Structure formats: structure tokens, C-alpha cells
Amino acid sequence: MTGFADRHIGPAPDERAALAEAIGTRPGLVMDEALPDAIRAAGGAAGDGAPMRADAGADAAERAGGGGGARDGRARRLPRHGVSEAQALAELRALAAENTVLTPMIGLGYSDAVTPAVIQRNVFENPSWYTAYTPYQPEISQGRLEALLNFQTVVSDLTGLPVAGASMLDEATAAAEAMLLARRAVRGQSDVFVVDADALPQTKAVLRVRAAAVGIEIVERDLAAGETLPDAPFGVLVQYPGASGRVSDPTPAIGAAHTAGAQAIVAADILALALLRSPGACGADIAVGSTQRFGVPLGFGGPHAGYMSVRQGLERQLPGRLVGVSVDADGRTAYRLALQTREQHIRRERATSNICTAQVLLAVMAAMYAVHHGPDGLRAIAVSVAGRAHRMAQALAAAGHAHVHAEFFDTVRVRVPGRAADVVANARDRGVLLHLADPDTVGISVGEATTDADIEAVLAAFGAEDGAGRDTAGSTALPPELRRDDEILAHPVFHEHRSETAMMRYLKRLADRDYALDRGMIPLGSCTMKLNAAATLQASSWAEFARIHPFAPVDSVAGHLELIDQLEGWLADITGYDAVSLQPNAGSQGEMAGLLAIRGYHASRGESGRDVCLIPSSAHGTNAASAVLAGMRVVVVACDERGDVDLADLRAKIDEHASGLGALMITYPSTHGVYEAGVLDITEAVHDAGGQVYIDGANLNALVGRATFGDLGGDVSHLNLHKTFAIPHGGGGPGVGPVAAKAHLAPFLPSHASAQRPRDGIGPVAAAPYGSPGILPITWAYIRMLGADGLAAATDAAVLNANYLASRLGEAFPILYRGERGRVAHECIVDLRPLRAETGVTVDDVAKRLVDYGFHAPTMSFPVAGTLMVEPTESEDRAELDRFADAMIAIRAEAAAVGAGEWPADDNPLVNAPHTAESLTREWAHPYSRAQAVFPAGPAQPAAKYWPPVARVDQAYGDRNLVCACPPPEAFV
Ligand SMILES: *Cc1c(COP(=O)(O)O)cnc(C)c1O
């Protein structure tokens, strides 16, 4: 019987031997050849046992309850051996059983939502959606781009602001991004930002952490009570409705903000906006919030899509991704990412934010929830929620329990002097979770999933009778003058999919337009698009993991906490560090958290002046952007001709900044796809000068089980669970970006006031205490099913596959960088600049032509312009690697024909790529055949043909004519 490792690793053992033989070695030796001697000495290599701390004995389950060492007797040590899918799922079932699903009526930005089954099955559990990559290649991403445009249209309509982005990481970080946007927009001298006293507590806490890092002073004001603003703030954030449930008109606070010269931000409940006057109509400049309650499970805190929308004039300041409308080469309407020059991958330390991976899959779910229900359905749900809350409040009032605010949407604050804790405990006994606001006050929040039985349980917990106010169905406690009467979601897409048949087909139609891992390899360097095995994904759908509120009491979430604890232990073993926080919601957030830890550490030693962050020129754009957000000064270090950090320049920069040196950020293996031999010298030089070493862990797939960041001299790193550890990319999120550190930095990692297991730290970098626990079972299952041995085998296979591809592609193109013994790490850079000089064919032409051959393009022009970076991962087998290499070599020959003048420079299969089906139906005047256009790899291909729905998309047109909401149907005729 074969194990999970044999299903996860594409090439079977005999095939691995053949791949190794093809590159002149043996499978067991590839890793030895690739790793520099210094690293092998520091850590380990194939054959001599994995260098990770791993449990040498029995597996975790066998030790459960054994009482040895760990807090409650379970192993936190990485198990040596993997277990079967069935066994891992059985263990997850046992963990799930330790959680108690209670009706979550806590509120505070998290609502008990109903996921329509048609969305659960056809989006959340559909690999065509969840295995897709970020839509940088628009021609193969039209489906998810349309879905995201729907999301932007929903947000824009409901918030009443014209431009909405394609998702933020959560509500609290969206508020932080809005604060920074306001500061950029005002460009004044003010450092003062005003926060509503009735803002969500986690939003306030995240704002405080982010403000402190960049010298912003936060001032709290009770805005609904009309408290006057401090002198000349640059921004004001109003919560609408307030965390207490109170609904009041934000217009006066917005007016006061404008009078003071500040930008007005409204953090709004997206469902309430179906009924309430929009932030835009109230004069807001920016709106932020969460779309969780649009059909996305709570997941103990995430993942959910945050949102942001802005008024006209701020769109070029918007953080994160923005989908826009453009045209393709045939003049057809086509979607693509707009205004990318704002983003970190282009603007680096001058970017509008560090966001890279966002929350695309969850944004798609929320958008489809609106498509599924339409405006009337959304209003009906909002009325039902508000009506239920109103009836409940009336029944409580009739029993003598007054509510604090007369006007509310879904959340009622009830005064029970001295008895609040008792009431919360009573409710808990009846299966309902309420919010203990203070010793005298209980908060009760109604969600779409709340039933009459839940309301009865709440009333019983107060000792109130049901029945009172039952005749008020349809009425709400919303102020009539704040009801909105403008049209929302008028676009046909929100009206045409009422039947499930129509909805199912719409989702299928969009999915069919996209190229995801379910079609073929996505060889994206740095992104590690590996298998997302079905067995790892199942538990995320279970109610015991999904329907859990992030602030649920500790004894109801023992399973989640145990899973988190084990995973943190395993990741510490894998990285060679001592402490891990799973809170950051993406790699970028882990980077910022890691740098904040470094800053906190320096400050604790009286060295807060150490604020210089050295970053090699080859670094990912998020590194520089994160350093700025952590309040650091970026100093770029050069790379030498071999692609390594230029040691002489590094030493010069270290000397230059001496006592100001805070940190070096370095990626290992490097973004050039090479295990740099000099890394130990580099980390030592930084330590000698009093700096800390941040190792960007995005390339950990080349290291797991073979060396640790601790071995290399790292102090802190982020990992990307959505790269190395099998969480699907989801078309651009969700992600999890744990930050892992050595013991001296542990006291400065993220913490959270509502954490069920509190720890010391600098405060939160995400809304929820553990970030996005809803998807942690994926990584847990991945590691559990592979074990230390399987993880190391996967690393070896990833490096073997990359070296095989480097060898085959090396026949046709220069491979830009290699290590000491000519081996690459887990990816390689194919240099297309000589090809362009010779033939005029560009990296874009090659990327688009790959679509005709049935491939997703590799990473383009990162980290070197004019190149492609190829990362096959361990999951692809030899047939797929060969199909890709064959395609690249065939494209090389096509380019040669262009260079030789056989095809004109402006009419050949490369410049015209990709070719649509429709192009074949027109008169064919090209100097190559239709078959050459669409079946270039020959007759074997037609059965599996991927047809791009649009031809090459004009990027510049869309930026000149910015449209970021659903275009009218006439645009498509
Ligand atoms: C992907 C990546 C990041 C950013 O991670 P996100 O999860 O997308 O925020 C940082 N550094 C490198 C080298 C990466 O490849």
C-alpha cells in the first residue's frame, strides 16, 4: 500500500530515478549537489536524517494522553512518519469533537451566516475556483476577474462610493489601510487620527499597533454623542452601526471631519447597508468593513474578505488589488487588474500598501451570495435579521430589561445590573453565545442563521417570556430617516440567477474561462503552486471548525486550540525557531509582524534608533513595503553578477549605518532560485553589527527537512502556508503567513486581547486572535499525512523537478543563475533577454503563447525584468514537466522563425497569442495555419484544449479609461 507521500509527490520513485539519471545524477544526490557545503554542515542533507527537530518515536496520536512533556500530554513535536488520509481525517474528527458548536450571537463584526449550498459546493469546494492563481494573466482569468468585479460592484453599490477594491485581509486591517490612505491623501503635517469610541475593539487594537509603528497618534472620541474632534486630525473613523449596535447618522461626524480638514472613513456593516443610507450618501471619503456575513463561515475568525471603497479622486491611492475593464486585441470587453503601478510588486517601498495575497476566494463567495440573492433577497435578509432583533428587544423590554440604544440593526445591548455574567452563562447553558459587554450589560447579535428557537433560548436566559411583540413582524428598530431609498445592485448579473439552475451554470461558465491547477501545471516561481489534496481540505467545511465565533469561550474551542498548538509546534520544528504566531493573514502581514518584533526587541534594549532595514535588490516587493509599514528606513543592497547578495556592498552599507542598523531581510533560497553559499557570512555580519536577520520564508519549499532558518542564522521569518504547506491559492487568497522567531523575539510577536490563550506580545496585526483558523486544518493534515520524512522527500522531489526542468529548458534558453555545483534550488530563472535581442519576441509574447499550448505562464519579470521564473513543485510528474519543456522549446523555435524573417514581426503566432476559438471563425489571413495557432503541440492535444475566452488584453487602455464596476451588457455586443 502506498502512502499519501506517493500521491502528493508527482514522480513515482522509479520516475524520480529516471529524472535524476537524465540530469546525470541519482535522486538521493540532487539535494547534496544543490545545497552548498556550508549549509549542509550547518543543517543537514539527504541521507543523513532530517535536521528538523522531529519526534523520533511514535506518532502524535499514539502519544495522546501519554502525559509526556507537552501541556496536555500530546506531542507538539513534528511526527517522524506520516499517516494515511483516513487516519489524519479520524484525528481531525477527534479534534473537531473537542469544539462545541454553539449558536454564535456575540456579534462584534462576526455574524452567524448561511452559506448557500450552491456556493459551498460550486465555489468553496470546487478546485476550478480554489486552485487558481492571482489573476495577473488576464486572458486565462476572466472568470474570477468577473467574479471580483461583481464583488467590487456589490461593495461600491452598498457603500455608495464609486471605486471598490477586490478585497482586503479583514475589517481591522482594512481600517488600518484606510488610516494610512487618509494620511497619504491629506499630505499635511498632522499625525492625529480619531477613532470612534464605538468602533470594534479589534479594529481599535489593530489601529493602535499600526499607528504606533509609523508615528500616528490615535485619539478616541464618542462620535455618536457629538464629542468634538481634536485639533487638525488627518482622518476620522466612524463605526456604522457601532459595536454596541447603536445606529446613528454618521453625517455630523463626517461633516466635522471635513471641517477639520480630515478624511472621513466609515466602517460599515455590509448587510445593514442594504437598508441604511450609504456612507457615500453621508459624505464619507472611504468605507471599510467585512463581507463575512455574505455567506462566509465564521471559521473561528477567518478567512473572510474585508472590503474598501473610496470616493472619486482616491482610486490611485487604493491599497490592494483592483479589477478594471479593458479591451482585448479584437476590441472585445475584457477584465484585468487595474492601476498595478500602485502595488508593492512595482512600487516597492513607495507602494500604497504591502498587500499581495488577499482574500479572493472569500470575495468570490460574498459576491456570489449577492448574485444568488439579488437586491430584493438581500433586503429581505436584512429586514428579517433586523426584525428578529427588534422583536427580541421588545420581548426583553416587556420583561423589564431595557435596551441601551433605541435604534439598532441586528445587535441589542441590554442592561441587567450586576447580572450580565449570569445571563451569559444561562444562555450558554441553552446553547447560545452572548457578549458580556461589561458586568451590567449583555450584547446580543442576530445573524441570518439565527432561528426563533435561538431567540427563545436568549429570552429564557434573561428569564423573560416569549410572545411579547410577536405581532410586530416586519418592523425594525432602524431610524426611518436613515433608510436608504436609492437603487442597489441594478446590474443584470444580480437579477438573472434566481433559480439554482441558472446559478450553477453561471458559476460553471465563469470557472470554465479560467486556467487553474485542475487543468495543468502552473509553474509560477516563488508561488509554489503545489497539489491541494482533497483530503486536506475536507475538515474546513465541518461545522465544528467552520461555525465557531473568534471570541467563543475557551472551553468551547479546545479542538481549534489544540490544532493550533500542534501546528505551531510543528512549524517551530521545521524552521528551527522557538515560537510561532499563526495570526498574520498573509505573508506580507507576517513580514510586518516580524519586523515589528525586531523593532520591539531593539526598543526593549534601549536601541529604538535601529530602524534601518537592509534589503537586497532582488527582494520581493512586499519586503520593502512591509519595512516602511513597520516604520523602518529601507536601504537597498546590490546583488553581484552571480545573483548573490554583494558581500562588499553589504559590508559597506552595514558600516555606513552602524548603530542605526535594525535588520536585514533576505530570502532563502534566494529569489534567484539558488541556495546562496554566503548566507552564513551574511547573517553573521549583520549580527556582529547588532542587527537582526529576517529570513523571508516564501521559498521554504526548497528547505523543509533539509535545513532550518535557525541553522542559517535567522532570527525571525514568515512562512506562506498557501505556498509551502498546501493551502490553495484561491485565485489570490486566502493565505496564512505565520511569523516564527527565536526565543529572544518571542515576547514581541503578535498578541490579542480576546485570545482564548493569551500570550505576551505587541498587540494584534489581524482582527482575529488566530488569524484564519478555518483553513488551518489543511496545513495540519498536509504535515500530518507526510510526517518529517515525507516533507523531506517532497523537498527533494521539488528540487529534483526544478533541476530536471532547468536541464531541459537549458537546451533552448540560458538559465540565469545556478549554485556552486551547477544546480538550482526549487525554481529557476529562464533568461529571455537574448531571445528578444535576437528575434524581437518579448517575455509577454512567450507567456501568452504558452496559453495556446495549454499552460499557465510562469512568473514574469520577477525578480529580473525580461525573464520567466519557473517552479514546477514536487507535485508535477515527468509527463507534465516534459509537456511544458516541449512547449517552451517549440516556442523557442517559433521565435527563431520570427527572427529569421519567416514570419513578419507583427503577424506571427507569438504576437497574436493567445488565440481564441472565435478567431478561427473569421477570415484567416495570417501567414500560419489555424491548426498552428490553436493546436501547436499537435493532434494529441485537442481533447484537453483550453480555449482562452479573450485575446491579448490591452493593459494601458483600461488604466486610461478606468472602469471598476460591472460594465453594462451592451459592452459585450
Ligand atoms: C509570496 C511572497 C511574499 C508575500 O506573501 P503573500 O502571502 O502574498 O503576502 C513575500 N516574499 C516572497 C519571496 C514571496 O514569494
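The values are calculated or read from the model by the stated rules, or taken from the named source; none is laboratory data. Source: prediction; values computed, not measured. Here the Cβ is made from the backbone with ideal geometry for all residues, glycine too, and neighbour counts use every protein chain on show. Just the protein is used for accessible areas: all its heavy atoms, side chains included, with ligands, DNA and RNA removed. Shrake-Rupley method; radii C 1.70, N 1.55, O 1.52, S 1.80 Å.
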Margin query: Go through segment 833-889 and report how many residues are open to solvent by 10 Å² or more (accessible area, probe 1.4 Å), more than 19 Å from Ile140 (Cα to Cα) and of a type in the set (Val, Ile, Thr).
Written below: 3
Note to self: Suppose the filter is closer than 22 Å to Gly761 by Cα, in contact (Cβ under 8 Å) with a residue 12 or more places away in the chain, out of contact with any strand residue (DSSP E or B) (no Cβ under 9 Å at 6 or more places or on another chain) and of a type in the set (Lys, Arg); does Arg210 pass it?
What the structure shows: yes
Note to self: Criterion first (among the charged types (D, E, K, R), in the same structural domain as Thr867 (by TED's automatic domain parsing), free of Cβ contacts under 8 Å to residues at least 12 places away in the same chain and under 26 Å from Leu835 (Cβ atoms)) does Asp906 satisfy it?
What the structure shows: yes
Check: How about segment 144-192: which of its residues are open to solvent by less than 10 Å² (accessible area, probe 1.4 Å) and free of Cβ contacts under 8 Å to residues at least 40 places away in the same chain?
Finding: Ala176
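This table checks each residue for (1) aliphatic (A, V, I, L, M); (2) closer than 24 Å to Tyr307 by Cα; (3) open to solvent by 10 Å² or more (accessible area, probe 1.4 Å).
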| site | (1), (2), (3) |
| --- | --- |
| His752 | no, yes, yes |
| Asp760 | no, no, yes |
| Pro773 | no, yes, no |
| Gly790 | no, no, no |
| Ala793 | yes, no, yes |
Note to self: Let me spell it out: the conditions are (1) surrounded by 13 or more Cβ atoms within 10 Å (Cβ to Cβ); (2) hydrophobic (A, V, I, L, M, F, W, C); (3) touching a Gly at 6+ places or on another chain (Cβ under 7 Å), and Ala944 meets all of them except one. Which number is the exception?
What the structure shows: (1)
Item checked: Residue satisfying condition, being without any contact (Cβ under 8 Å) to a residue 12 or more places away in the chain and part of a helix (DSSP H, G or I), within set Ala837, Ala847, Ala798 -> Ala837
Notebook entry, point to check: How many residues does segment 26-57 hold that are part of a loop (DSSP other than H, G, I, E, B) and modelled with pLDDT of 90 or more?
Noted result: 3
Checklist line | Tabulated pairs, segment 342-354, first farther than 20 Å from Gly594 by Cα and open to solvent by 20 Å² or more (accessible area, probe 1.4 Å), second at pLDDT below 90 and part of a helix (DSSP H, G or I), C-beta under 8 angstrom, 6+ apart or interchain | finding: Arg347/Thr341
Check: Got at least one residue in segment 943-962 being more than 37 Å from the chain's Cα centre (by Cα) and either within 13 Å of Ala329 (Cβ to Cβ) or at pLDDT 95 or above (or both)?
Finding: no
Next item on the list: Please go through segment 664-700 and pick out each residue that is open to solvent by 10 Å² or more (accessible area, probe 1.4 Å), without any contact (Cβ under 8 Å) to a residue 60 or more places away in the chain and closer than 24 Å to Leu582 by Cα.
Entry: Thr667
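Please go through segment 669-699 and give me each residue that is within 16 Å of the ligand (Cβ to nearest atom) and either modelled with pLDDT under 95 or more than 20 Å from Ala597 (Cα to Cα) (or both), ordered by number.
Listed by number, the residues that qualify are Pro669, Ser670, Thr671, His672, Gly673, Val674, Tyr675, Glu676, Val679, Asn699.
Matching residues to (1) of a type in the set (Asp, Glu); (2) farther than 30 Å from Val686 by Cα; (3) in a loop (DSSP other than H, G, I, E, B); (4) at pLDDT 95 or above:
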{"residue": "His752", "(1), (2), (3), (4)": "no, yes, yes, yes"}
{"residue": "Arg757", "(1), (2), (3), (4)": "no, yes, yes, yes"}
{"residue": "Val765", "(1), (2), (3), (4)": "no, no, yes, yes"}
{"residue": "Trp780", "(1), (2), (3), (4)": "no, yes, no, yes"}
Note to self: Given the criterion open to solvent by 10 Å² or more (accessible area, probe 1.4 Å) and either within 29 Å of Thr528 (Cα to Cα) or touching a helix residue (DSSP H, G or I) at 6+ places or on another chain (Cβ under 7 Å) (or both), identify the matching residue among Asp655, Asp640, Asp649.
What the structure shows: Asp640
Check: Quick one: which of Ala971, Ala956, Ala951, Ala965 is touching a strand residue (DSSP E or B) at 6+ places or on another chain (Cβ under 6 Å) and closer than 20 Å to Pro135 by Cα?
Finding: Ala951
Next item on the list: Among what's in segment 904-922 and is open to solvent by less than 50 Å² (accessible area, probe 1.4 Å), outside any loop (DSSP other than H, G, I, E, B) and of a type outside the set (Ser, Thr, Tyr), pick the residue that is farthest from Ala951 (Cα to Cα).
Entry: Leu920
Check: Considering segment 199-222 alone, what residues qualify as being under 21 Å from His403 (Cα atoms) and open to solvent by 20 Å² or more (accessible area, probe 1.4 Å)?
Finding: Pro201, Asp222
Next item on the list: Determine whether Phe813 is in contact with a strand residue (DSSP E or B) (Cβ under 9 Å, 6 or more places away or on another chain) and modelled with pLDDT under 95.
Entry: no
Note to self: On the basis of being within 14 Å of the ligand (Cβ to nearest atom) and without any contact (Cβ under 8 Å) to a residue 40 or more places away in the chain, does Ile775 make the cut?
What the structure shows: no
Check: If you take the residues of segment 733-750 that are outside any loop (DSSP other than H, G, I, E, B) and over 29 Å from Ser540 (Cβ atoms), which of them is least open to solvent (accessible area, probe 1.4 Å)?
Finding: Leu745
Item checked: Unique match (being free of Cβ contacts under 8 Å to residues at least 40 places away in the same chain and either surrounded by 24 or more Cβ atoms within 10 Å (Cβ to Cβ) or part of a helix (DSSP H, G or I) (or both)) among Ile254, Ile270 -> Ile254
Item checked: Selection from segment 619-636 of residues that are open to solvent by less than 20 Å² (accessible area, probe 1.4 Å) and within 11 Å of the ligand (Cβ to nearest atom) -> Ala619, Gly621, Thr622, Asn623, Ala624, Ala625, Ser626
Check: Which of the residues belonging to segment 585-609 are crowded, with 24+ Cβ neighbours inside 10 Å and either among the hydroxyl-bearing types (Ser, Thr, Tyr) or away from the ligand (no atom under 16 Å from the Cβ) (or both)?
Finding: Ser588, Ala597, Ile598, Arg599
Next item on the list: Evaluate the following for Pro616: is it free of Cβ contacts under 8 Å to residues at least 60 places away in the same chain, within 16 Å of the ligand (Cβ to nearest atom) and over 14 Å from Gly660 (Cα atoms)?
Entry: yes
Check: Any chance segment 710-732 includes a residue that's within 16 Å of the ligand (Cβ to nearest atom), part of a helix (DSSP H, G or I) and crowded, with 24+ Cβ neighbours inside 10 Å?
Finding: no
Note to self: Looking at segment 877-903 only, could you name the residues that are among the charged types (D, E, K, R) and more than 27 Å from Val950 (Cβ to Cβ)?
What the structure shows: Asp877, Arg878, Asp882, Glu902
Note to self: Being surrounded by fewer than 22 Cβ atoms within 10 Å (Cβ to Cβ), away from the ligand (no atom under 16 Å from the Cβ) and over 18 Å from His752 (Cα atoms) is true for just one of Asp578, Asp565, Asp555. Which residue is that?
What the structure shows: Asp578
